Amino acid sequence: MTSTKQIRVVGIILLIGGLLAGVIIYFSAPSQQDRDLILGIDVRTNRDVLQLEKMGGKSAVFMADFEEWFASIWHGRRLAYTVATLAIAGYGGCYLLADFAEFSSAEDREQNGANKKI
């Protein structure tokens, strides 16, 4: 097996494993509403947002929203979507890396063939 085939096989294994893990996580994770009740997560009110904006400006509100969103994708059913998305991205990266390696090796063969003719 050549290295490009190995890279593609790794990508396929990554895709299948990631999608399978995503399905398992999706069906074993509790729903968002049940998780919030168990953890006692509060929703920020407009008053909290205004107080945060007074202390840190609009960028602090944006960063707090981003932090809350980023933390939420690593729990429950959203984790299943995150794992599946990362698996698809990993497969795409392996596929592009294999194409790049194949293209560069073909280019090297052409250059070596041109050098032999001279």
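Out of the residues in the stretch 1-25 meeting the condition of being touching a Gly at 6+ places or on another chain (Cβ under 8 Å) and of a type outside the set (A, V, I, L, M), tell me which one is nearest to THR82 (Cα to Cα). So the residue we want is GLY18. Taken over the stretch 88-118, residues that are modelled with pLDDT of 75 or more and aliphatic (A, V, I, L, M) amount to 6. For the stretch 64-75, the condition holds for at least one residue, the condition being that it is modelled with pLDDT under 90, in a helix (DSSP H, G or I), surrounded by 13 or more Cβ atoms within 10 Å (Cβ to Cβ) and under 16 Å from the mean Cα position of the chain (by Cα). Among the criteria (1) under 16 Å from the mean Cα position of the chain (by Cα); (2) at pLDDT below 65, the one LEU20 does not fulfil is (2).
The values are calculated or read from the model by the stated rules, or taken from the named source; none is laboratory data. Everything quoted here is computed from the prediction, not taken from an experiment. Reconstructed Cβ throughout: ideal geometry from the backbone, glycine too, with neighbour counts over all protein chains shown.
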